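I have placed the structure first, in the form of structure tokens, so that the comments after it can refer back to it.
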Amino acid sequence: MTNEKRNLKRAQREAKQEKQAQTVVRLICVALIILAIAYLAFTLISIS
């Protein structure tokens, strides 16, 4: 396998890992937002 092919495969693999990392970060952000909304709703219900 030539160096160019090896570098291309590595670049593709890194791009895939980066995309997966972005997806995980997005999921964590969504989960935190949902938790924050649930917490606010719970505190509002318990206050009244």
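Read the figures in this text as sums done on the coordinates, not as results from a lab. Values in this document were obtained by computation on a predicted structure and should not be read as measured data. Because the Cβ atoms are built from the backbone with ideal geometry, glycine has one as well, and the counts that use them run over all protein chains shown.
Is it the case that Leu8 is surrounded by 10 or more Cβ atoms within 10 Å (Cβ to Cβ), without any contact (Cβ under 8 Å) to a residue 60 or more places away in the chain and among the aliphatic types (A, V, I, L, M)? Yes; evaluated as a whole, the condition is true for this residue.
Residues in segment 20-48 that are within 8 Å of the chain's Cα centre (by Cα) and not charged (D, E, K, R): 9 in all.
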